[in-house]
Amino acid sequence: MSIEVKNLTKIYGAQKAVDNISFRIGKGEIVGFLGPNGAGKSTTMKLITGYLQPDAGNTIVGGINMQENPIEGKRKIGYLPEANPLYYDMYVREYLDFTADVHHIKNKKQKIADIIETVGLTAESNKKTGALSKGYKQRVGLAAALLHDPETLILDEPTTGLDPNQIVEIRAVIRKLGKDKTVLFSSHIMQEVEAVCDRAIIINKGRLVADDKLDNLQKTGSVSHFVLVQFQEPVEQGILQSITGMIAMEILPGDRYRFQTHDPERTRKEIMENALRHNLNIVSLQTVMHSLEEVFRNLTGNEPGNANQDT
């Protein structure tokens, strides 16, 4: 297991920024880390990387306990923090050369050239980092995180400041890297998580509130869904009102009906059974699942924000 978080807790004064959370992420997984501002995402990432020490619990990365052997563990991690630390007086290649020396990278000239191409920095590589746009500064930070070819990537808001085209490019980089690495990244953009991940971990007020495949998150829980059905002929309402498990039924024009339900598969099955029992012809039958954003709001009581401040 590449990342293992066990009963992790971090307290600031009277506030539990991270409250006894546990999860595991294996090699080849790209996992989105979600939560409203102040939920504890950045603090958790700093604890995983050994940047902060927990008040209780521990983190294991690549088989190494980060609290017992942080230096060895950090060699296995590529970390892009929320506040991207760059030396603005250094040129891009100079900064990456410095980073390569920190990691004792062999054949660093070729490695730097490769990573510049990977993150799309070629056109800006001869500029000072301080002269770059915010989006390109993010790319420099990502290049530095990837330079030593780490087993695990911890990326805190990696696409902040990127334009739509750059976001698509960085998503593609993350997906490619995720084939043979472990990737945990936080984001406020639900569409980004849906595009890159197949699993999400959601925390709220320091506590873990969900950890599952995206499909499962959208199918289960207290969030209701809709089943839409259209019949070829008019239907007696009493036939449909006998369907169990539905929250509400709405009659639509054209012999169409919309059922609100917590269990769409069961509702679909009962609609088909009733249609067979009463010789009704179904023209169409479909389930409308809630988006990840709606699931997020339901679990946290918040809407995803655009701000980047987090504890």
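When chymotrypsin sites (Phe, Trp or Tyr not before Pro) are flagged only if DSSP places them in a loop and at most 15 other Cβ atoms lie within 10 Å, the longest unflagged stretch of the chain comes out as 89-311.
Helices in the chain, meaning DSSP H runs of at least 4 residues, each add -39500 (n - 2.57). Divided by all residues, the mean residue ellipticity at 222 nm is -9500 deg cm²/dmol.
Using every pair of distinct Cα positions in the range 225-289, the Kirkwood expression returns a hydrodynamic radius of 11.5 angstrom. Do any of LYS109/LYS134; LYS46/LYS205; LYS134/LYS213; LYS127/LYS181 go past 21 Å between their Cα atoms, and which? Long pairs (Cα-Cα over 21 Å): LYS109/LYS134; LYS134/LYS213; LYS127/LYS181. Loop-located trypsin sites (Lys or Arg not before Pro) in the range 121-203 (DSSP state not H, G, I, E or B) with no more than 13 neighbouring Cβ atoms inside 10 Å: LYS179. Mean-square fluctuations from a GNM of the chain, with a 10 angstrom spring cutoff on Cα atoms, peak among GLY40, GLY141, GLY13 at GLY13. In this simple spin-label model, placing a label point 7 Å from the Cα along the Cα-to-Cβ direction at both ALA195 and LYS127 gives a separation of 2.2 nm.
Computed over the alpha-carbon atoms, the chain gives an Rg to Rh ratio of 1.10, Rh here being the Kirkwood radius from the mean inverse distance.
Of the GluC sites (Glu not before Pro) found in the range 197-273, those that fall in a DSSP loop while having at most 16 other beta-carbon atoms within 10 Å are GLU236. Ordered by the number of other Cβ atoms lying within 10 Å of each residue's own Cβ, fewest first, HIS262, HIS104 fall into the sequence HIS104, HIS262.
Dipole magnitude for the chain: computed about the Cα centre from +1 point charges on Lys and Arg Cβ and -1 point charges on Asp and Glu Cβ, it is near 760 debye. Summing charges over neighbours of ASN7, with a neighbour being any other residue whose Cβ is under 14 Å away from its Cβ, gives +2 when K and R count +1 and D and E count -1.
Starting from 0.36 nm per residue, how many nanometres of slack lie between GLN260 and VAL173 once their C-alpha separation is accounted for?
Additional length available on full extension: 27.4 nm.
Of the residues ALA195, ILE116, LEU177, the one whose Cα sits farthest towards the positive end of the charge dipole of the range 110-268 is ILE116 (charges of +1 on Lys and Arg Cβ, -1 on Asp and Glu Cβ, taken about the Cα centre). Summing charges over neighbours of GLY245, with a neighbour being any other residue whose Cβ is under 9 Å away from its Cβ, gives -1 when K and R count +1 and D and E count -1.
Taken together, the values in this text are just the output of simple stated rules run on the coordinates, not laboratory data. From a predicted model like this one, the values you see are computed outputs, not experimental measurements. We place every Cβ from the backbone using ideal geometry, glycine too, and count neighbours over all the protein chains shown.
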